[in-house]
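See structure below.
The values are calculated or read from the model by the stated rules, or taken from the named source; none is laboratory data. Just so you know, these numbers come straight off a predicted model, no measurement behind them. So basically every Cβ, Gly included, is an ideal-geometry build from the backbone, and we count neighbours across all protein chains shown. All accessible areas refer to the heavy atoms of the entire protein, side chains included, with ligands and DNA or RNA removed. Shrake-Rupley method; radii C 1.70, N 1.55, O 1.52, S 1.80 Å.
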Amino acid sequence: MSAAPPPPDPATPPDGGTGGEGPAATPAAGTTARLPRPTSAAGTPDPVAHPPAPPASGTPSATVPGISVAPPNGRGGGAAWRGLRARRLVWLLVVAALLAVAVVLSLALGSRSIPPGEVWEALRNGGDSQAARVVRDMRLPRTVVGVMVGAALGIAGVVLQGLTRNPIAEPGILGTGQGSAVGVVCAISFVGVQGIAGYVWFAFLGAGAAGVAVYAIAARGRGGATPVKLALAGAAVNALLVAVVSGILTTRAAALDEFRFWQVGSLADRDAEIAWRVWPFLLAGLALVLCVARGLDALALGDEAARGLGQHVGAVRIVGGLGATVLTGAGVAAAGPIAFVGLAVPHMARALVGPGHRMLLLMAGLLGPVVLLLSDVVGRLVLPPGEVPAGVTTALLGVPFLVALVRGKGGRGVAA
């Protein structure tokens with residue numbers, strides 16, 4: 001008679017695993033042994049041996065405002081990214097179409113309206129008719145200068161708002177506008193220069209000297225050229241330059257008659273020679289600001305965050321400020337001080353394409369000429385046969401925008 005099997009050990013789990021100090025069970029043939037899950041001292045799963053599972057593919061990844069990140073791989077996130085890109089592309093095409101319309105209106109409308117068909121014929125085949133000469137010799141150079149100046153001021157406004165983190169910053173914040181005014185007044189009063197083409201070089205030199213002075217003042221002291229110090233230095237230099245201009249004009253009355261036509265800001269009587277003198281500086285300024293587009297995105301998060309992202313904050317401010325100064329100086333030298341284009345256009349562009357500066361600079365370069373050319377056309381039509389300077393019409397259109405901006409911001413504007 002065989003002996004009865006021994007009773008099961010209470011320390012042995014029912015599934016054949018090991019318990020206590022009992023012998024380990026041998027897995028059956030053809031099966032795989034399941035290793036025990038490592039645990040920490042507290043009895044919870046070890047996160048090193050068993051890291052948490054990655055999020056689901058459709059979960060959108062975190063993004064930082066103003067910083068370009070790679071689109072998520074998930075189906076939902078990828079669709080959102082493609083939708084954002086499509087929206088930006090649509091707005092770029094719409095604004096490009098508006099620019100084409102503004103160019104046609106600038107060539108066709110004025111004290112004498114010319115049908116678009118005759119405008120096209122004059123551009124394509126030339127001709128000796130009065131309409132062809134008006135389009136080719138007067139309105140075409142005026143329109144080209146308007147496109148260049150509008151793009152320069154719009155892009156410079158985007159860069160300066162990014163550098164100072166100040167939503168009401170505009171190209172004159174670095175003293176470039178008043179610097180150009182000092183250069184023109186000195187050219188008229190002491191050198192005897194007459195004519196808009198002769199003012200260009202002096203206005204550009206004055207703008208550059210003012211921008212360098214503002215940055216040199218702001219860079220002194222602890223912390224370097226911070227946004228607040230740049231704004232304060234710009235205000236101080238602007239006040240000084242206004243006093244210099246007023247002092248010269250009060251002692252030389254003949255210079256006042258020449259200067260007042262330039263000071264108001266206008267595209268009238270701008271010829272092809274001015275465009276040829278200005279465009280190299282516009283290209284140089286544009287190249288500088290495009291080099292710091294990513295740096296401007298990082299600066300939107302603050303100086304410390306920008307350094308953490310690998311950006312050299314000082315270099316970004318120097319290169320971006322130099323590019324904005326070159327663009328502003330060239331624009332002001334060509335057309336005089338045009339108000340509100342550099343302030344309003346960056347906000348309009350940001351509302352359409354978002355805060356990323358690479359796309360923002362492109363949109364501002366398209367929107368600036370649209371605003372300036374349409375303002376110039378309105379100025380030609382309101383008081384025929386005379387015209388209101390473009391600097392006046394942009395100010396009249398810009399004041400309501402500035403009021404709406406202040407109301408929308410609730411009085412909060414300047415960020416340190």
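Key figures
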{"quantity": "Cα centroid separation - region 245-288 against region 327-359, whole Å", "calculated": "18"}
{"quantity": "Solvent-accessible area per residue for region 183-340 (1.4 angstrom probe, square angstrom)", "calculated": "46"}
{"quantity": "HN-Hα J in Hz across region 177-182 - Karplus 6.51, -1.76, 1.60, θ = phi - 60°, x for Gly and Pro", "calculated": "x, 5, x, 4, 4, 4"}
{"quantity": "Share of carbon and sulfur in the accessible heavy-atom surface of region 241-376 [1.4 Å probe, %]", "calculated": "68"}
{"quantity": "Pairs of alpha carbons in region 82-228 whose separation is greater than 29 Å (percent)", "calculated": "44"}
{"quantity": "Alpha-carbon spread of region 321-362, three principal axes, descending order, Å", "calculated": "31, 20, 13"}
{"quantity": "3J(HN,Hα) from dihedral phi, region 373-378, Karplus parametrisation 6.51/-1.76/1.60, rounded to Hz, x for glycine, proline", "calculated": "5, 5, 5, 5, 5, 4"}
{"quantity": "Sorted peptide list for 161-173, 101-113, 288-300, criterion being average Cβ within 10 angstrom, highest first", "calculated": "161-173, 288-300, 101-113"}
{"quantity": "Accessible surface of region 68-225 [probe 1.4 Å, protein heavy atoms]: carbon and sulfur percent", "calculated": "65"}
{"quantity": "In Hz, Karplus ³J(HN,Hα) per residue of region 162-176 (6.51, -1.76, 1.60; θ = phi - 60°; x = Gly, Pro)", "calculated": "x, 5, 8, 6, 10, x, 10, 6, 9, x, x, 5, 8, x, 5"}
{"quantity": "Estimated distance in nm for a label pair at M138 and V228, the labels positioned 7 Å out from Cα along Cα-to-Cβ", "calculated": "5.3"}
{"quantity": "Gain upon complete extension [A315, R85; 0.36 nm per residue less C-alpha separation]", "calculated": "79.8 nm"}
